[in-house]
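Below: the structure, in structure tokens.
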Amino acid sequence: MGKSKVLIVGGTGYLGKRLVDASLKLGHETHVLHRPEIGVDIEKVQTLLSFKGRGARLVPGSFSDHRSLVDAVKLVDVVVCAISGVHIRSHHILLQLKLVDAIKEAGNVERFLPSEFGTDPARMENAMEPGRVAFDDKMVVRRAIEDAGIPHTYVSANCFAGYFLGGLCQPGKILPSTDSVLLLGDGDKKAIYVDEDDIAMYAMKSVDDPRTLNKTVYIRPPKNILSQLEVVGIWEKLIGKDLQKSSISAQDFLASMKEQSYAEQVGLTHYYHVCFEGCLANFEIGEDDVEASELYPDIDYVTVEEYLRRYL
Ligand SMILES: NC(=O)c1ccc[n+]([C@@H]2O[C@H](COP(=O)([O-])OP(=O)(O)OC[C@H]3O[C@@H](n4cnc5c(N)ncnc54)[C@H](OP(=O)(O)O)[C@@H]3O)[C@@H](O)[C@H]2O)c1
């Protein structure tokens with residue numbers, strides 16, 4: 001069986017460009033949506049041109065032009081969406097619903113991966129306001145996909161390493177200090193950290209895989225399931241020095257959140273669920289779903305220590 005033809009939507013984004021890279025490396029005929037709205041954004045245009053130089057096909061298409069989306073989708077077998085999780089109610093959801101409509105009308109798509117790539121929204125029905133908007137929106141998109149009978153795979157990627165490891169699991173930080181760290185609670189709740197290139201590779205491996213059809217793929221590299229304290233310990237070993245540690249209680253964390261902007265509060269509630277409640281690692285994967293590092297043991301995933309070495 002030949003490799004499927006893939007369309008990546010949101011291909012110039014943080015995760016999207018890695019998905020395009022993985023798709024090309026795996027030998028898929030790779031199409032990337034080129035939205036006219038990016039205009040003279042030189043970085044995006046250059047990124048698109050670099051994909052073209054590597055053999056990708058740029059496909060014009062806009063979310064405000066349904067026909068253009070249908071035409072783009074008709075070119076391929078698989079659609080992977082990586083549009084941003086902009087935390088403005090109805091924005092992310094609206095765009096994805098437009099894509100679902102186009103896929104439904106085109107009728108040829110054998111697999112759709114919506115823009116998920118984080119905490120499994122199906123497990124977050126009791127999530128806190130305002131962060132729950134991200135999960136609620138992703139669930140609305142899931143329902144639309146399932147109602148339309150579109151074959152799909154949901155990728156639960158857990159923590160993007162750059163955001164979480166870079167800041168030693170402290171919100172608002174993406175570089176590790178060599179002096180001090182703020183522990184969230186006791187710093188003992190396990191989370192799961194995944195290199196962003198690995199996320200993209202696992203996701204793209206899943207698109208042609210019958211084992212992932214209509215399933216959630218959890219990315220849980222076993223060596224990367226660690227608490228904040230364990231992450232800090234690895235960093236301390238690398239720099240040969242102990243960090244000064246202080247800690248913030250759940251109560252103070254929630255109280256301090258109130259002074260932040262709406263978008264920041266959304267991000268902070270996600271940190272709350274991950275770091276104070278351990279929502280990523282406190283459940284077993286159900287029989288109906290699958291784990292990426294077990295499915296694809298050939299991927300030599302980046303460990304937390306290897307990732308942190310980049311900051312030395
Ligand atoms: N688990 C984690 O730790 C974590 C962290 C961050 C993100 N995520 C998830 O990963 C996914 C991708 O996020 P990201 O950070 O890679 O996104 P991003 O870089 O912020 O944006 C990705 C793409 O979204 C498209 N986009 C943005 N605004 C748009 C608009 N108004 N109209 C149409 N398209 C728009 C753009 O596509 P073009 O290329 O067409 O311009 C952009 O390149 C999201 O679902 C997010 O929730 C997870």
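The values are calculated or read from the model by the stated rules, or taken from the named source; none is laboratory data. Owing to the predicted nature of the structure, the values given are computational and were not obtained by experimental measurement. Here the Cβ is made from the backbone with ideal geometry for all residues, glycine too, and neighbour counts use every protein chain on show. Protein only, heavy atoms only, side chains kept; ligands, DNA and RNA dropped before computing areas. Shrake-Rupley method; radii C 1.70, N 1.55, O 1.52, S 1.80 Å.
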Using alpha carbons only, how many angstrom separate the centre of segment 175-208 from the centre of segment 218-249? 10
Suppose the chain between D147 and E125 were pulled fully straight at 0.36 nm per residue; how much longer would it get relative to their current alpha carbon spacing? 5.9 nm
For K189, which aspartates and glutamates qualify as cross-link partners when the Cα separation must be under 16 Å and same-chain residues fewer than eight apart are set aside? E230, E277, E284
Can you show me the helix-derived [θ] at 222 nm for the chain, built from DSSP H runs with n ≥ 4 at -39,500 (n - 2.57) apiece and divided by the number of residues, rounded to the nearest 500. -11000 deg cm²/dmol
Lysine pairs in segment 7-143 8 or more apart or on different chains: how many have alpha carbons under 18 angstrom apart? 9
Protein accessible area in the chain, 1.4 Å probe - carbon and sulfur %: 51
Under a cut-off of 16 Å between alpha-carbon atoms, report the aspartates and glutamates in cross-link reach of K258, not counting same-chain residues fewer than 8 places apart. E129
Between helix 228-239 and the chain: long-axis angle, C-alpha atoms, 0 to 90°, nearest 10: 80
Between I225 and D252, what's the calculated FRET efficiency when r is the beta-carbon distance and R0 is 30 Å? Round to 0.05. 0.65
Taking the simple approach of a point 7 Å from Cα along Cα-to-Cβ for both A263 and S180, what is their distance in nm? 2.8
Could you give the nm distance between label points at K3 and I299, where each point is 7 Å from its Cα heading toward the beta carbon? 1.5
Lysines with Cα under 18 Å of K173, excluding same-chain neighbours fewer than 8 positions away: K245
